[in-house]
Ligand SMILES: Cc1ncc(COP(=O)(O)O)c(C=O)c1O
């Protein structure tokens, strides 16, 4: 098919630059073109079916064929296809969604603010935090602490918050005022003999040392995903959030919980904030808020954040920030319907129960010769692969083994994603145990094939 000049593959190579893709390599390998989806499955242009074990990009919670979301979008599109929320204007879907989010928040929140993507939401959070520091007469309080391996997006500010080399290299990032503290990857970064609690204590000490070295009066906020996603599905070690939050409280530093992946059921509670007893001042949401049927993101802010910002907007005459499509009515209508579906069908319970089965199947992989560690909670997890379990050494360069197994798994009908040598699993919330078994039967088969290829 590829040899024909007008095939979709050929036109893709000719006209389309892909996100997160080696653009030169793409000219050789071409695209996998997905044509349609149903439930947890997607189908490519050649008619091959796959289980989408990543929910697209950690996001299609209710699966790929939810008619109620199509209907909600159609109804809203026919009634009011666009309106905005600048200069005191508004519309009903956004009011309904704001009320829904503020009232369902697991910690007291005051207002919702709407954007289009996780990156924009984190970028906005950072701007709000700076605006607030100025409002409080603390212009020096501008530094933001994030973590190595964090993922908060790709705009200039949110890519700076992200703690991964590929988001900084050749982009001249991170920008000033963004600091990265240690990542909570216990298996990779704990010292020999260190327990999870001891590791968490050491990380909290690292954070405190950083704050003291920089000057506590210069630190405005700490950003963290309850469970790190794109950094390799890093589940916090025992005691981690408790100890980190104690340090933040000691120096009156705001906590931003980036719930872009964890939100709306992924970790077995509605929010990761609940799973890990976090008390954020700002919660950032996207992806599963609308099951990504349409782009929308939201931030919830508490009074500690809102009140000074409101005063400063009054002093200046406006809060000079907002996106044309931020809180788009069609996306907002879809988000409300999506959250209703998650609640009505108890998909959070499903994530917990079927997630327990997924964690069991994941756990069984540790006996495989190529699997160094597995980790996860509810319906999110990863296996990290090595060729030498004792030294945790990669096969050649980091990511080579992850790429090999991921490729074989795709041929075997399951779409996953390797972040380096960690292969992630984040299936739609609607998945059942039999379907989880189908994923992990394919994973086992793919690991065996990879082991054979490596030895050949
Ligand atoms: C935790 C987290 N925050 C932010 C983002 C950025 O979201 P977006 O790609 O919509 O800009 C992502 C995307 O994967 C994410 O996982």
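The values are calculated or read from the model by the stated rules, or taken from the named source; none is laboratory data. Predicted model, so just to flag it, every value in this text is computed and none were measured. Positions of Cβ are generated from backbone atoms using ideal geometry, with glycine treated the same way; all protein chains shown enter the neighbour counts.
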note = Checked pairs for the range 253-267, first over 16 Å from residue 277 (Cβ atoms) and touching a residue at least 60 places away in the same chain (Cβ under 8 Å), second part of a loop (DSSP other than H, G, I, E, B) and within 13 Å of the ligand (Cβ to nearest atom), C-beta under 6 Å and 6 or more apart or across chains, list as 258/152; 258/225; 260/286; 261/229
key: Leading residue by the ranking (farthest from the ligand (Cβ to nearest atom)) among those in the range 294-316 that are closer than 30 Å to residue 39 by Cβ and outside any loop (DSSP other than H, G, I, E, B)   = 298
ask   = How many residues does the range 1-25 contain that are in contact with a helix residue (DSSP H, G or I) (Cβ under 7 Å, 6 or more places away or on another chain) and modelled with pLDDT of 95 or more?
value = 3
request  = Among the candidates 242, 196, 225, single out the residue that is crowded, with 17+ Cβ neighbours inside 10 Å and not assigned by TED's automatic domain parsing to the domain that holds residue 420.
outcome  = 225
remark   = Filter the range 25-50 for residues that are more than 27 Å from the chain's Cα centre (by Cα) and more than 30 Å from residue 438 (Cα to Cα); the one that is surrounded by the fewest Cβ atoms within 10 Å (Cβ to Cβ) is 28
request  = Scan the range 57-76 residue by residue and report those that are crowded, with 17+ Cβ neighbours inside 10 Å and in contact with a strand residue (DSSP E or B) (Cβ under 8 Å, 6 or more places away or on another chain).
outcome  = 58, 60, 63, 64
request  = State which residue is surrounded by the fewest Cβ atoms within 10 Å (Cβ to Cβ) when the search covers only the range 152-181 and only residues that are out of contact with any strand residue (DSSP E or B) (no Cβ under 7 Å at 6 or more places or on another chain) and under 15 Å from residue 232 (Cβ atoms).
outcome  = 165
request  = Could you tell me whether the range 116-137 includes any residue that is away from the ligand (no atom under 16 Å from the Cβ) and outside any helix (DSSP H, G or I)?
outcome  = yes
message = I'd like the full set of residues that are under 30 Å from residue 341 (Cα atoms) and either without any contact (Cβ under 8 Å) to a residue 40 or more places away in the chain or surrounded by fewer than 22 Cβ atoms within 10 Å (Cβ to Cβ) (or both), limited to the range 398-416.
response = 410, 413, 415
message = Please list, ordered by residue number, the helices (runs of 4 or more DSSP H) wholly in the range 1-98 having 2 or more residues that are within 16 Å of the ligand (Cβ to nearest atom) and not assigned by TED's automatic domain parsing to the domain that holds residue 265.
response = 55-58
request  = Specify which of the listed residues (160, 200) is within 15 Å of the ligand (Cβ to nearest atom) and in a helix (DSSP H, G or I).
outcome  = 160
